[in-house]
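The values are calculated or read from the model by the stated rules, or taken from the named source; none is laboratory data. Treat the numbers as computed from the prediction; the structure is a model and nothing was measured. With ideal geometry, Cβ positions are generated from the backbone for all residues, glycine too; neighbour counts draw on all protein chains shown. Protein only, heavy atoms only, side chains kept; ligands, DNA and RNA dropped before computing areas. Shrake-Rupley method; radii C 1.70, N 1.55, O 1.52, S 1.80 Å.
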Amino acid sequence: MAGKSSAGRTRAARRARWWQLTQRWRMVGVFEINTEHEFYSLTSMMKEGMQACIQATSNTEGQNTLTDEHFKTKGTQLLEGFEMHTFAAPVFATLRHSLDISEQEFINSLCPKANYLQFISNSKSKADFFLTYDKRFFLKTQSKREVRFLLSNLRHYMDHLEKYPHSLLVRFLGIYKIVIPNQLKKYFIVMQSVFYPHDRINNRYDIKGCEVGRWTDPETGGKQVIKVLKDNNFKEQSIVLGPEKSWFERQVKADTTFLQDLNVLDYSLLLAQQPLHQDELEGKHSFADLVIRTTKSLDIDDDPTQLEPSSVPLLRSRSEEVPDGAGCVPGQHQAAAEDAGEEILAQEINSPPKDTGCPIELQEFHEHHRRLLPNFKNAVHVIDGLEWRYFVGIVDIFTVYSIKKRLENLWKNLRYPGRVFSTVRPAKYSQRFCRWIHEHTQ
């Protein structure tokens, strides 16, 4: 009897903890997909199918050279009651490796016994949004047209990330299709969540650089949703980056030029703010932290002319040695400074690149390694300003300026004469987007 009583108390305590977690999740607009949820069966199959696909292609992790065949690769896993299809698996495995995400780590986050979370927002999209239990990865259903567009431009996307390793473009980590015979065919993509780690984020914004339809009432009205605010909610505010300002603007320009070349518009800058604690403000300038951040930020070989674009990882693992290259403190000075406990100024690491004699493209490539990445798993989407930590990422890059969008542009010109709306030519969209960033960054 005593044993049964103890077990009952344990179950009651476990239920109480789950209730507390569920209440906390609901406050931020995410809900556990438990056995009673409409998506429980679907997400369970998604996890099982992705685990089978990732394990089947685990030998492709970290390939240095991607061929055209890798981009055309398709795989199918036949499982009980459904099929899971994967696309360009070697490409996404290489991208995950470059971000220091091991295949086992990826599986542990995407395919745990714990349930997924459904993300509820005020977005107009008809897509379904899911988060992994640790909120590190984001899953979103996509149309066949959107998946086809991403796959047809995947080589260009990877080339852009190789040239600009600190690009703000969201990192796509996998494309899948689940097929339940006679019931369902659904495509979905896996992405890094821009808002990770989310614990101390206060406000979230979706920025397009225009005004029509770009206001969200911050009041929830008692509804359990995340309020993603918009451009007009950000008026009178600024992104205060200090020394990172010029880098940030240049990177936005490079990314939007890339999207313009793809004839894309209507993308957004996801932006979130988190106040830095005093210990974080002080820790940013410690020698040990700067060495780690420089290691993650630089990947400069002693002879940069020997570098092949396809062999350069986007980010170097923090466990690897800090290179003795341009913009980095020489190894002997590092050791001496560490022993003495002295600090190093950020300006030393961010000094202008030395004349390496390498082609201008490689010099530009090296320059884009000069941003100091914070010591986070999601470092590429995190920028530390003077007093705030900013989470940033460019998302929703699937809208092409088609005939339908041209007609929509004509209609909106008649409907909103003199107003600034989102549906415009990609060149104008890019220019306006960059102008918004310039006007709201200090």
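Are there any strands (runs of 3 or more DSSP E) wholly within the range 146-229 with 1 or more residues that are of a type in the set (S, T, N, Q) and in contact (Cβ under 8 Å) with a residue 12 or more places away in the chain, and if so which? Give the derivation first.
Values: elements: 172-180, 184-192, 204-207.
Strands (runs of 3 or more DSSP E) meeting the threshold: 184-192.
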From THR76, THR86, which residue is in a strand (DSSP E or B), under 22 Å from PHE130 (Cα atoms) and either free of Cβ contacts under 8 Å to residues at least 40 places away in the same chain or touching a helix residue (DSSP H, G or I) at 6+ places or on another chain (Cβ under 8 Å) (or both)? THR86
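Specify which of the listed residues (ASN59, ASN64) is of a type outside the set (A, V, I, L, M, F, W, C), farther than 29 Å from ASN202 by Cα, modelled with pLDDT under 95 and within 23 Å of the chain's Cα centre (by Cα).
On the way: ASN59 fails: within 23 Å of the chain's Cα centre (by Cα).
Going through ASN59, ASN64 in turn, the sole match is ASN64.
With the requirement that a residue be of a type in the set (A, V, I, L, M, F, W, C), assigned to a helix (DSSP H, G or I) and touching a Gly at 6+ places or on another chain (Cβ under 9 Å), what does the range 374-425 give you?
Result: VAL380, single match.
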So LYS140 clears everything in (1) assigned to a strand (DSSP E or B); (2) closer than 22 Å to LEU262 by Cα; (3) more than 15 Å from the chain's Cα centre (by Cα); (4) not hydroxyl-bearing (Ser, Thr, Tyr) except one condition, right? Which one? (3)
Every residue in the range 126-144 that is closer than 15 Å to ILE178 by Cα and open to solvent by 30 Å² or more (accessible area, probe 1.4 Å), please. ASP128, SER143, LYS144
Go through the residues of the range 248-260 one by one and say whether even a single one is at pLDDT below 95 and among the small types (Gly, Ala, Ser). no
On the given criteria, is GLN118 among the polar types (S, T, N, Q), open to solvent by 20 Å² or more (accessible area, probe 1.4 Å), more than 14 Å from ILE175 (Cα to Cα) and without any contact (Cβ under 8 Å) to a residue 12 or more places away in the chain? no
